[in-house]
Structures are given as C-alpha cells and as structure tokens.
Amino acid sequence: MFGNALTLFRLRGFDVRIDLSWLIIFALIVWSLASGVFPAAYAGLEPWAYWMMGVAAALALFGSIVLHELAHAIVARRYGLRVRSITLFLFGGVADLREEPPSAKAELRTALAGPATSLAIAAVCLAVAVAGNILGLAVPVWTVIGYLGAANLLLFVFNMIPAFPLDGGRVLRSVLWQRTGNLQKATRIASGSGNAFGIFMMILGVALLFAGNFIGGLWWILIGFFIRSAAQTSWNQLLIRQTLSGEPVRKFMKTELVTVPRSLSVRELVEDVVYRTHHKLYPVVERDELVGCVTTNRIKELPREEWDRQTVGAVAETCAPENTIAPETDALEALARMTRGKRSRLLVVDQGRLVGIITLRDLLSFLSIKMELEGSSA
C-alpha cells in the first residue's frame, strides 16, 4: 500500500510519511471546500479567498490526522510496541505497528488514544468557532476552524464504528480478548464485523450509484472495499505472526543448495547454472565456507567478451548482511526482512558456514497450507 510513501518529517521519534495516493484526497477536499462548502456557508468573498480557505482547512485536517495517529503511536510505544512510522494515504492515516499488543488493556488504550484526540480537537475547534462568531472574529477564520471541528467530530464517530480494523473494531477486539482470553478468536470476530461493515458500505454505494449520485456512490464503494480488504489482511497477519513467531529459520530452510566455486568461469556460471536454476543470487563457497555472492546484476555489468576470461571469484562480492540470516533467527523476522528488502531468498549462515537457504516461496506455501487447514476466513 505504501510503496510510494515519502517521509516528510520526524515527530516525537516517529517518521511522518505521506503516500502519493493522499494527494488525491487532498485535492478533492480543497476543491469541494473551495467550490461548494465555504461559498454556501458564507457568500460574497472573492474566489481566491475560498481557495485559500480550502487549502488552509485541508492542511489543518492533515495536521489533525497526524495527531490522531501520533496518539496511537505514543501509547503503543509505552506498551513496548514498535512503531516504524505514521503514514497518510488515500483513506486517512495509519500508525505502522510491527506487532500485536501484549494485552487486551494495551489494545484498548492504544485504540482509544486516536479517537480521544480527535474528539478533543473537535471540542476545542467548535468552541473557538462559536466564540469567534460571537466576538466578531473574521468570518473566514472561524469558518475554517468550525470546519476542522466538524471534520474531527466526524472522524471520531466514523473511527468508533465497531468494524475492525477501525479504532472501534480494535476496541471490540480488546473487549472480546479480555472476555475470552483468546486473541485469535477475538480477532476473527472483530474482523468479521469489519468484513460485514465493508460489504454494507459497498451495497450502499451501489444504491447511491443507481440514485444518480455517482461520486458519492463510488467513494462509498471504495471505502467499503478498503475496510473489507483491511479486515481480511489484519486477520491473515495475525495468523502469520502466530504461526511463525518463535519458530527458527532452521525449521524452514532447505539444505539442498546451488553453490558455485571461485574457479568457475562466468560463462560456465551463466550457461550451466543460471540458465538451469533461474536464480538471481548464488553463494560462492570454498570448503564449506561462504566466501562471497555473485548476482545476475553483477554479471550484466561485465562485457560478454569477458565471460570466458573472468572467474566467479573475480566478480563475486561480499555477501551483504541483508542477504544472510542465522539459523536460529525467528522465521517471522526472516519474512519481514524479505518483504521489506523485496528479496525472494536469504542465505542461512552459521559462523561463516553456509548451512541452508530460506525462500519466500517456501514460507508462503507453508502459511497457505496452514491457513487452509486451520481456516483463514474472517
């Protein structure tokens, strides 16, 4: 989802990032406010004034969403949870939690922190807007502040809907978790609520389409699809974490390895090994010791007329830490490293010796079979 996210700044130790998809909603908010909402609320201003009000309100909304997610992140950090970043995207924002909360209490407090912040912002802004109106504050100023208050109140109400992974759905999960003592069961039920709510929104969107409201209908369909997809993803992520957490890489690695010696010519490597096995990285081994790695990218840099004269040892490079992993490392960490680094395989190295290889395909195949046998639907 966040492949095109840009880091804007750091706040309280967290990277605040923006996905390029958020620019779409930012432009839509500015356009709708400047062309419809603000002119209807207060007529008589110049068009440029409405556009300035629209930009100011959209930026203020951006700030309030950051504060909402920052509240989640700060509370999560107090409970020892790792938070990599806060990212704004097409449908709002998300604090990137790397693991599940340690307890139902931690889940509840982390989930409520964001809506509580939005509610506080709404209360302050609406109070200031009312006071500004009474005291004669410039109309554009208190109009923008009033919009920000109303938007945060709407943000609070929407997020408290008990549909996972909305904040209200996480509150529901924490209550179920506390009552049952079973995180997996609580997540399955809460994800089911998110799935049902997403379907409801999609049906409502279709009804709006038939009623002639194309933009509104399409928007509801998109949000419903996103919530339904996010609920299923959250359920699958929990199963992945519970399945792989605590399991060593050694359990999943293959010991039948394709290795190459230093003395092999580059042409022999390409024609006898690469064209047969179709990998992009090959470990170079000397008496069971891992002495380097050779990649297809490195071979491409070498002129073809050099393939017969150059050996694997001459073009091999030191294996980067990102390409290797210890056999006792948690398999969940291996999956995370492959996903983050967009790598399909890691070399398993024990004290300098190459002992195996772990591939993304093998991990995903194992997870697929596990979920099929134990059930993965929300």
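The values are calculated or read from the model by the stated rules, or taken from the named source; none is laboratory data. None of these values were measured; they are calculated from a predicted model. We place every Cβ from the backbone using ideal geometry, glycine too, and count neighbours over all the protein chains shown. Surface accessibility is based on the protein's heavy atoms, side chains included, excluding ligands, DNA and RNA. Shrake-Rupley method; radii C 1.70, N 1.55, O 1.52, S 1.80 Å.
Is it true that some residue in region 230-247 is of a type outside the set (Gly, Ala, Ser) and at pLDDT 90 or above? Break it down stepwise before answering.
Keep residues of region 230-247 that are of a type outside the set (Gly, Ala, Ser), which gives 232-233, 235-244, 247.
The next check asks that each one be at pLDDT 90 or above; those that pass are none.
No, because not a single residue in region 230-247 is of a type outside the set (Gly, Ala, Ser) and at pLDDT 90 or above.
How do the helices (runs of 4 or more DSSP H) wholly within region 1-92 filter down when requiring 2 or more residues that are of a type in the set (Lys, Arg) and within 25 Å of LEU166 (Cα to Cα): which remain? Break it down into steps so the answer makes sense when it comes.
On the way: elements: 22-32, 38-41, 47-78.
In region 1-92, 47-78 are the helices (runs of 4 or more DSSP H) which contain 2 or more residues that are of a type in the set (Lys, Arg) and within 25 Å of LEU166 (Cα to Cα).
Does GLY80 satisfy being under 27 Å from the mean Cα position of the chain (by Cα) and of a type in the set (Gly, Ala, Ser)?
On the way: under 27 Å from the mean Cα position of the chain (by Cα): yes; of a type in the set (Gly, Ala, Ser): yes.
Against the criterion (under 27 Å from the mean Cα position of the chain (by Cα) and of a type in the set (Gly, Ala, Ser)), GLY80 qualifies.
When only residues in region 35-69 that are farther than 23 Å from ILE24 by Cβ and in contact (Cβ under 8 Å) with a residue 24 or more places away in the chain count, which is most open to solvent (accessible area, probe 1.4 Å)?
That would be TYR42.
Does any residue of region 309-317 turn out to be open to solvent by 40 Å² or more (accessible area, probe 1.4 Å), within 33 Å of the chain's Cα centre (by Cα) and of a type in the set (Asp, Glu)?
yes
Any idea which residue in region 152-182 is farthest from LEU119 (Cα to Cα), counting only those that are open to solvent by 50 Å² or more (accessible area, probe 1.4 Å) and β-branched (Val, Ile, Thr)?
For region 152-182, the residue satisfying everything is THR180.
Criterion first (over 20 Å from HIS72 (Cα atoms), of a type in the set (A, V, I, L, M) and assigned to a helix (DSSP H, G or I)) does ALA116 satisfy it?
Against the criterion (over 20 Å from HIS72 (Cα atoms), of a type in the set (A, V, I, L, M) and assigned to a helix (DSSP H, G or I)), ALA116 does not qualify.
Kindly list, by first and then second residue, each pair from a residue in region 261-279 that is more than 13 Å from THR296 (Cα to Cα) and open to solvent by 90 Å² or more (accessible area, probe 1.4 Å) to a residue that is in a loop (DSSP other than H, G, I, E, B) and of a type in the set (A, V, I, L, M, F, W, C), limited to pairs with Cβ atoms under 8 Å and residues at least 6 apart or on different chains.
ARG262/ALA316
With exposed (fewer than 15 other Cβ atoms within 10 Å of the Cβ), without any contact (Cβ under 8 Å) to a residue 40 or more places away in the chain and over 25 Å from TRP51 (Cα atoms) as the only criterion, which of ALA138, ALA123, ALA127, ALA131 stands out? Before the answer, list the steps.
Details: ALA138 fails: over 25 Å from TRP51 (Cα atoms); ALA127 fails: over 25 Å from TRP51 (Cα atoms); ALA131 fails: over 25 Å from TRP51 (Cα atoms).
Of the residues listed, the single one that is exposed (fewer than 15 other Cβ atoms within 10 Å of the Cβ), without any contact (Cβ under 8 Å) to a residue 40 or more places away in the chain and over 25 Å from TRP51 (Cα atoms) is ALA123.
Are any of the residues in region 326-344 in a strand (DSSP E or B) and crowded, with 18+ Cβ neighbours inside 10 Å? Quick ask: steps written out before the conclusion?
Going through region 326-344, the residues in a strand (DSSP E or B) turn out to be 330.
With crowded, with 18+ Cβ neighbours inside 10 Å added as a condition, the list becomes none.
Among the residues of region 326-344, not one is in a strand (DSSP E or B) and crowded, with 18+ Cβ neighbours inside 10 Å, which makes the answer no.
Are there any pairs with C-beta distances below 8 angstrom linking a residue in region 294-317 that is closer than 18 Å to VAL258 by Cβ to a residue that is exposed (fewer than 11 other Cβ atoms within 10 Å of the Cβ) and among the hydroxyl-bearing types (Ser, Thr, Tyr), with the two at least 6 apart or on different chains, and if so which?
The qualifying pairs are THR311/SER263; VAL312/SER263; GLY313/SER263.
Go through region 223-248 and report how many residues are hydrophobic (A, V, I, L, M, F, W, C), more than 15 Å from the chain's Cα centre (by Cα), farther than 30 Å from VAL355 by Cα and open to solvent by less than 70 Å² (accessible area, probe 1.4 Å).
Residues meeting the conditions: 1.
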